[in-house]
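The values are calculated or read from the model by the stated rules, or taken from the named source; none is laboratory data. Since this is a predicted model, take the numbers as computed values, not measurements. We place every Cβ from the backbone using ideal geometry, glycine too, and count neighbours over all the protein chains shown. Accessible surface is based on the protein model in full, side chains and every heavy atom, while ligands, DNA and RNA are left aside. Shrake-Rupley method; radii C 1.70, N 1.55, O 1.52, S 1.80 Å.
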Amino acid sequence: MGPKPKKKNAADKAAAEEAERLRLEEEARLLELKAKKEKELREQNEREAFEALFLQEKSRLDDEQQEFMQAFETVKKAFNEMKTLEDAKRDASGLSWMILLILYQWNKFLQCSPLPDPMNEPELNTHLNLWAEDAVGNDDDPSFDLLFAGLLKAEKLCNELAEAASLECDKQNAARELSLRMHLITLRQIILSKWDLATSRIVQLYDQFPCEPNENFHHATVTSDYIFGVWGNLTKNPRHKTIEYPNIKICMTLPKPISLANVAIRMLYSSGETASAPYRYQNTDEHMSVVGGILFLDLFEMPEAPKVLRTMIIRQILSPDGKLKPIKYPFKKMSTETVEEDEEDAENGNGAAADTNIWPAQVSYEIIPQCFIHKESAKMMSWDESDMCWSEENVGDVEINIETGAVKFRTTQFRPTALVQKTYAEFPFQDWSIEPSGDCRAVFRIHGSVNEIIFEAFEGKCQLKSPMTPFLQDYVGGKWFNPALFFMVGAFFPRLPDFDKTLEIVYRRIELSRSQKFEGSEC
């Protein structure tokens, strides 16, 4: 009878443990369910709070947009409802520029542009300083990817600066216009420095590019606003007489001294609408304007071939800051050169050895075809940085094919070069007229000393009507330009003397005719 109570106690104990386990599991399940419900409730509250905030912000932005449009319509309505001549004289100019400014700011807001506002001086200075310090790639990457990405934004900002400067010009705010144009020049100089850094890295790592044995190094690329080609003398072979690229239409014949020297040559053609901005201010009485674009010719030192030592590559660093090391040309004749060489040069028709002009380089490139060139004043010139003017010294044998745009010349100068002509070549005017073409718009015709130009002016913009060629039709046909940009693209059609002042006369005439209409009619 003794053992039976022990079995009963064991069974009761097991049942109690099982009941406790089930209780604990149920409590854990209930706690987990409670925590899950609390989490779902918390997430729902957060979501509802976010949606409420979103709706609140959307409502605020919609209200701001509506207020902006109401303000714009109010200004526009007031501008259109001016009835008296005194009202027009007092308010027309201010309101018209206010509308233009509002439209400009509104477009900037819609574009979400990362570029600075040209009217915001601190923001503009900060952007220029930061981009000037930015690298265009790493030391082991000779590609143009980062450079091209930055150039797209830089060219757009250049156009915006030129547009802003034109607005200040038309408002006769000379100080602000000068400041904007100086910023534009600074930005163009930064762009050129970026090209210098990219070029330096390419020639430093030229062995990473495909190159035929016993051939010189060359590399070229093209964008919408630039044509770039770099050549490095690896063979020092005088039989290499020409620099040519398979994909760009720029070439150069090599003078004998260069074909024997440890040098590299860069040819960079910049054809953007503001490419000639740094050369607008000239220290000369005879002001010249650029036709087409600027051809930068640079002669600089070529680094020695890299040496491979097992797992290491030793490269010659020509400049620690990555800048090019320019070389002055023509070279000075070394005293070690023999008299026989001089006699050989004389026999070959190269002239006296002391003459530094016996070894010019012949350069050929293409500008926009069918440009309207003032033949009497058009010249190939290089930019003299010291005198701040265009110079035709040591530039000759110029050939220009207007139909194809092919330009060929000889030079010993490695510096910015361009086809230029007198800015005021069409002066004095032979005849001019202005005719209304619609509400607040007019067609302006000017007959210069040689050519005639017809354009339409409307709301601070200009559109070319005549002359018109197939290229001009594709490039400027039907497009409206601000006065400054219209002046810059004017390299493709006849130049007018003091073009900005001419446009100022146009707008004054338009405002006068508009105010006379307000005085004589009920609007």
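Details
- Here T274 meets the list (1) over 20 Å from M380 (Cα atoms); (2) in contact (Cβ under 8 Å) with a residue 24 or more places away in the chain; (3) out of contact with any strand residue (DSSP E or B) (no Cβ under 9 Å at 6 or more places or on another chain) almost entirely, failing just condition (1).
- Among the residues making up the stretch 244-265, those that are closer than 18 Å to F409 by Cβ and open to solvent by less than 10 Å² (accessible area, probe 1.4 Å) are I250, M252, P255, I258, I265.
- Test: residue in the stretch 481-489 that is at pLDDT 75 or above and either in contact with a strand residue (DSSP E or B) (Cβ under 7 Å, 6 or more places away or on another chain) or outside any loop (DSSP other than H, G, I, E, B) (or both): yes
- Looking across the stretch 121-151 at every residue that is under 28 Å from P210 (Cα atoms) and charged (D, E, K, R), the one that is farthest from the chain's Cα centre (by Cα) is identified as D140.
- Taken residue by residue, the stretch 410-419 has no member that is open to solvent by 30 Å² or more (accessible area, probe 1.4 Å), modelled with pLDDT of 90 or more, more than 23 Å from the chain's Cα centre (by Cα) and at positive phi.
- Of the set (1) in contact with a His (Cβ under 7 Å, 6 or more places away or on another chain); (2) not in a helix (DSSP H, G or I), all apply to N138 but (1).
- The residues in the stretch 349-373 that are of a type in the set (F, W, Y), at pLDDT 80 or above and either part of a helix (DSSP H, G or I) or within 25 Å of the chain's Cα centre (by Cα) (or both) can be counted, and the count is 1.
- Some residue of the stretch 249-268 being among the basic types (K, R), part of a helix (DSSP H, G or I) and in contact (Cβ under 8 Å) with a residue 24 or more places away in the chain: yes
Conditions tested, residue by residue: (1) polar (S, T, N, Q); (2) at pLDDT 85 or above; (3) on the phi < 0 side of the Ramachandran plot.
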site: R266; (1), (2), (3): no, yes, yes
site: E273; (1), (2), (3): no, no, yes
site: P303; (1), (2), (3): no, yes, yes
site: S319; (1), (2), (3): yes, no, yes
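- Within the stretch 434-452, the set of residues being of a type in the set (S, T, N, Q) and either within 31 Å of the chain's Cα centre (by Cα) or not in a strand (DSSP E or B) (or both) comprises S449, N451.
- Summed over the stretch 353-403, the residues that are small (G, A, S), open to solvent by 60 Å² or more (accessible area, probe 1.4 Å) and more than 21 Å from D285 (Cα to Cα) give a count of 1.
- All conditions but one from (1) surrounded by fewer than 16 Cβ atoms within 10 Å (Cβ to Cβ); (2) farther than 26 Å from S166 by Cα apply to S113; the one that does not is (2).
- Failed criterion for Y226 (all others in (1) of a type outside the set (D, E, K, R); (2) open to solvent by 20 Å² or more (accessible area, probe 1.4 Å); (3) under 20 Å from I190 (Cβ atoms) hold): (2)
- Filtering the stretch 207-244 to residues that are touching a residue at least 60 places away in the same chain (Cβ under 8 Å) and either basic (K, R) or not in a strand (DSSP E or B) (or both) leaves D207, Q208, F209, T223, D225, N233, L234.
- Residue that is of a type outside the set (D, E, K, R), open to solvent by less than 60 Å² (accessible area, probe 1.4 Å) and touching a Leu at 6+ places or on another chain (Cβ under 6 Å), where the choices are L180, L197: L180
- Evaluation of H240 against (1) modelled with pLDDT of 90 or more; (2) within 20 Å of M267 (Cβ to Cβ) (one fails), failing number: (1)
- Residue pairs whose Cβ atoms lie under 6 Å apart, separated by 6 or more positions or on different chains, with the first residue in the stretch 10-37 and at positive phi and in a helix (DSSP H, G or I) and the second of a type in the set (S, T, N, Q) and loosely packed, with under 10 Cβ neighbours inside 10 Å, do not occur.
- Residue within the stretch 322-343 that is closer than 27 Å to E403 by Cα and at pLDDT 85 or above present: no
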